[in-house]
Structures are given as structure tokens and as C-alpha cells.
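Here the structure is laid out as C-alpha cells; the discussion comes afterwards.
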Amino acid sequence: MITVNHLTVDFGKQLLFDDISFVVGDREHVALVGKNGAGKTTLLKILSGLEQPTKGTVSTNKGLQIGYLPQVMNFKDVRTLWQEAESIFANVREKEQLLEVLTNELAQRQDHDSEDFHLLLERFTTLNDQLTLSQTNNYTATIEKTLLGLGFERTDFNRPTSEFSGGWRMRVELAKILLAKPDLLLLDEPTNHLDIESIEWLENYIKNAGVSLILVSHDQAFLDATTQRTLEIELGKLYDYKVNYSHYVTLRQERLETQRRAFENQQKLISDTESFIERFRYKPTKSAQVQSRIKQLEKLERIELDDIDRKKIHFRFPVATRSGDYPLIVDNLSKSFGNKQVFTGVNFTLKRGEKVAFLGKNGSGKTTLLRCIMNEITDYQGILKLGHNVAISYFSQNRAQELDPKLTIRETLDRAAVGDIRLHINDMLGAFMFGGELADKPVSVLSGGERSRLAVLLLLLSPSNLLILDEPTNHLDIRSKEVLKEAIEAYTGTVILVSHDRYFLSGLVQKVYEFDTGKVYEHLGGMEEYLRKRREKLDSTVVDAGQQSTTVTQQPPKTEAQQNYQDRKEQQKKVRALRKQLSEIEDHIAELESSIDGIEHTLAQNTLPPDTSLYEQHQANTCLLNKKLLQWEEIATQLQEYEKSL
């Protein structure tokens, strides 16, 4: 499908990729991961042909069609939503119009035996066959299904695209890409502007479309649902894991531990060698040995560790004085904008310390209700009452974009801080990875993720007991989300969260308030229970809609006992094969570890200049050991799944 050979991207001051190679096969779904700035977006641009590498090549199958959705796009708003989507089928419409012309001409002709008539008939037949084979003669239904799946309403179809926000226009571009039915999808953060329903629809599309996929996303649940292989970019190198994201996290940690041990061993070797050089540098009798050691150090390929793995943000939201038992009471609340009813008859009460989620399609009223709570909207009907001693901290959807681009990071914090907290600004900057010279960078040059991190940091400047967060995870990478989730879990006040990130909300909230068609429904049991009930509801709807009476001639079915026996035999056969593989790999791992320990012992004890081949053998064995450990984990996981089913 697509092959990357010895790819290098060198920006002069920064080596982004260093001789990386990989292949993505037909219908393979791959996650591309790495910290912000690692080069994920650059790699997608190279694969799509928009940028060129410094060295290396990208090869594709002949005629491969690629659909690329970037994070940032330039929109052309000159058509309606439907016209924009229909533009993908412009060639089909032209053929349909031509077919209609040919049909009318054939109906008017009387010279049925002439050569011209037969040529006209042949042209009509060829064109009709082309439309039939392309399976796009009912493209209007496909357009409608795709637009509805991505969250648009039928009433949106004839609206100019200029009326939609940037997030909705991104959905338009995603719809056009999907309608074009490419062979390979390159998607860069496709879920940033999608609600949960649209994300689930996109998941199902990817699973059933039969396309290859390379995906960049900070939505862990989406990654796990749509990909089975993970490519990690780190320090210019590429690591290939044949597992989904959750399994990759475990394997990555094991690799880093192995890498860290190798780094520590190498540092000891370097230190010992440098000590030898320093000790005997000026002794003529040792000059040959000293020079030999110097050359060994020059040739040594240094092991690097990523700084991000040694630094982690830990923070807590400051809590104000304890609030009353019921920080928020909403009674029969309704709000409309002109003739548009946003929601009506909303009733709920939040208890102190509760953490709840507001869920629903974009535009269903979640942010409107938050603005009512913040007293930014006051012309509602019903009762909205804040409890005793409530102090609110509010993160709005657009908070990151509202930061003053002219100010530096430090100035942004300095202007917002009041009181004793000003004494701790440097500590806070360091904790959020804005320390040192980085603190003096202007906001205008920050990435979306950095701006979001800075906006979250601003929340720490004012203590609160009611924390309201509207889409706080947009543009945050997965590690930053984990840090934010940890801080919310530790917060003793009350929390209202608006988010479409299922993994982020999972285990974090105790209640879900679902906004749907002007109503707000309370779901107890947290995010997991809400998703389970929602899946059951969707499954029952599909079954009801798809029930058909079908008669099929087939062989008499096996009895349940026969089928169970046959299945068990197959499972046992697979388990035996996997156990054998695992045993062989474990033997190989033991041999490699023994060999590495032996080399390290030799190098540590030897006072003479060591043979350079020992360093090379150590590195080769360490590299092979890492691969075997990954292979062991993959097979052990498979074995565990099979053994569970026995």
C-alpha cells in the first residue's frame, strides 16, 4: 500500500526523523503517536505528498487514492453544505446528464439499422455500465447518511457553509474525504470537533469501510477502537508495536525500563573509560591505551533518554472555603434564542463533591447552560440557584484562543495572579513544562496543546469549590490529559465537565446529564454505565430495524455439544502452539540476558582497554532483547485470551 524507505527530515537546528522506515499494508489501521512536536503532522504531510523529506522516499501502489484531513485547513465558503458534499460526485453528475441526453436522442432516432445508431447505442451502454459499476448512482443517499452520521441535521443541508463554525466546517471536509472513498485515510486529530455520537459513527465507518488508515489522535478510546498497530516517534526514531494503543503503553514502559538500564550501564562504562583516560593521559607508557580508549568513546553510539519520561506534571486545583451541601440547584429551567428552543424543563441538584458530565451533540445546549450558571446569560425561565459560599473557576471552550498573543507565558500568569500565589509563579511554570527560557516565549508562537496547557494553568491562580470545565482536553496530548484527570480526581470540590473524550471521563464522573432534543436526562452510574446503556439501546434499534425473514438452504447444524467440543479442540491446539512459542522465546531471552550480564561484568572488571567488539555485541544483544521482550508480550497476551475462553 505505502512504503517509507530511510526517511530523514532535518530542519538544520532540529533533526525530526533519522533514517526511519516502515510499511503500511492493505486495510491496515495504524496509530501514529509521540509527544507534541515529535513530527507526527509533518510525517502525514510527507505521506500525502504536501511536503518532501530531506532524504529517503515514499512509495505507493499505482493509482493509490489518499484522503488527508489536516488539523488546520483553509476553507472556501461559496456553496451550501449539500453542494459542498455533492461536489465529490461532480463527474458522476456529468455522466448522468450525458446519459439523459443520449437516452432522449435514442428515443428520437428512427434509423435503427444505421451504423451511427449502433455507435450511439454502444456509447449509451458503456456509459450506463460505468455508472452501474461505480455504485454511485444513488450517491444522494450516501451523502445524506454521511452528513447525518457526522452530526448534521437535514435542516442544515441547504445552509451556506459560511454559517458554520470552524469545527463544523472541519466536519464538512471530513465528510467530503469519506465520500470520495480513498484507499488510504490520513487523519490528523479527526475527533477534536466531534461529539460522542459522531465519534462512534466514525469508528464504525473506519471498521467497515475496508480502507487503510494512519491516525493521529489524542483520544485513547478512539485509538483503541480503530487501530491495531502503533508507530511511536521519539527522538527522531520510529518504534513499531503490533498492538493497539492501550497495549502499546504497557510495552513502551517495559522498553523504556530496558533502555534506562542500558543507559545507566553505558554511563558507567563511559565514566570508567574517562577515568582511565584522565588517570593515564600523561604517562608515556599508557599513551597507546589512552588513545585506544579515546577512539572507543568517539565510536560509541550514545543511548539517549527522552526528557519527557523523566518529568511529569503533578498539580492540584486550589480549593476555596467549603461550599454549602448543594452548590447548584436547577428547577424547571428553559432557554430559547428567538424561535429556537435550546432546552426546556431542566431539573437537577448537585451535591457538594460530586463530579458530573454534560454530554450531547454540539449545539444541544451544554455550553448555554454553563453560561447560565456563570450568569453570562440571565434571560432564562425557571430557577437557577447557586448554593452558600460557592466560588467558581470556569474554563471555557475558547479560553485557549482568548489568551493575549502579545504577552509572554510569564506575563500572562503575572497579570492574572493576585496575592501570595505570585510568589510561586516560577514553580508553577516549571511544573507545567514552561520553565526557563520557554517562559519568555510569546503566546502567539505556542501550539494548540501548549495554549490549552497554559489556560489550565491559569485556573490554579484562583481557589474555587465549583470547577466548571468546557472541553478542557481539546488539543491536549494523552499524557497531559492524564495529568489533568489526576488533578480533577484529587479535587475535593464539585466538578461539571463537558467533554467528548470517553476515556478521560471514564472513572472520573459519577453522573451523566445527557442533552438531547431540548431535554436533559440524568444517568446514574458514571460514564461506563451510560455508554453500556447507550450501546444496548442502539443495538436493539438496529435489530428492530434489520429483522427480516430469510430462508437459506444449509447443512443441518451441529448440536451444541458437538460445536463446543470442536471449538474446545481448536482452542487447545492454539494454546499448545502459543505455549511452545512462549517457551522458546523465554529461553532466548534468558540467553541474551546472560550474555549481556557477562559482557557488562567483563567491561566493568577489565582495567585494560576493552575490545570495541564488546560494545558492539552489547548493543546488538540489547536491541535483540528489546525485540524479544515485545514479541513475548504480544504472544503472552494472545495466550491469556485463549486460556480465558477454555
Dmax and Rg, reported as Rg then Dmax, of the range 410-480 (C-alpha, Å)
12.3, 34
List every DSSP H helix in the chain whose Cα atoms extend 24 Å or more along the helix's own long axis and whose mean Kyte-Doolittle hydropathy is at least -1.0.
90-108, 115-134, 612-645
Give me the percent of the accessible area of the chain that comes from carbon and sulfur atoms, probe 1.4 Å, all protein chains in place.
48 percent
Have a look at the DSSP beta bridges in the chain and tell me what percent are antiparallel, nearest 5.
50 percent
Cα-Cα P(r), the range 140-189, percent of pairs per 5 Å interval
4, 18, 32, 26, 13, 6, 0
Expressed in angstrom and rounded, the centroid-to-centroid distance over alpha carbons for the range 2-19 and the range 328-395 is 50 Å
Given chymotrypsin sites (Phe, Trp or Tyr not before Pro), DSSP loops and at most 10 other Cβ atoms within 10 Å, the longest exposed-site-free stretch of the chain is 283-646
To two decimal places, what compactness ratio does the range 189-338 give when its Cα radius of gyration is scaled by 2.2 N^0.38 Å?
1.85
Computed over the chain, the convex hull of the Cα set has an average projected area, in nm², of 43.8 nm²
Around Glu163, what is the net charge, scoring Lys/Arg as +1 and Asp/Glu as -1 over all other residues with Cβ under 15 Å from its Cβ?
+2
Specify the longest stretch of the chain that does not include any exposed loop site, a site being one of the GluC sites (Glu not before Pro) with a non-H, G, I, E, B DSSP assignment and at most 14 other Cβ atoms within 10 Å.
403-646
Using a cut-off of 15 Å between beta-carbons, work out the net charge of the residues near Asp325 (Lys and Arg +1, Asp and Glu -1, Asp325 not included).
+3
Sum of -39500 (n - 2.57) over DSSP H runs of 4+, divided by residues of the chain (222 nm, nearest 500)
-15500 deg cm²/dmol
So which trypsin sites (Lys or Arg not before Pro) in the range 5-61 are both in a DSSP loop and have at most 10 other Cβ atoms within 10 Å of their Cβ?
Lys13
Charge tally for neighbours of Val211 with beta carbon under 9 Å away, counting Lys, Arg as +1 and Asp, Glu as -1, is +1
Exposure rank, largest accessible area first [Thr226, Thr41; 1.4 Å]
Thr41, Thr226
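The values are calculated or read from the model by the stated rules, or taken from the named source; none is laboratory data. Here the structure is a predicted model, which is why all the values come from computation and not from measurement. In this analysis, Cβ positions are derived from the backbone assuming ideal geometry, glycine residues included, and neighbour counts consider all displayed protein chains. In case anyone asks, the SASA skips ligands and DNA or RNA and just uses the protein heavy atoms, side chains included. Shrake-Rupley method; radii C 1.70, N 1.55, O 1.52, S 1.80 Å.
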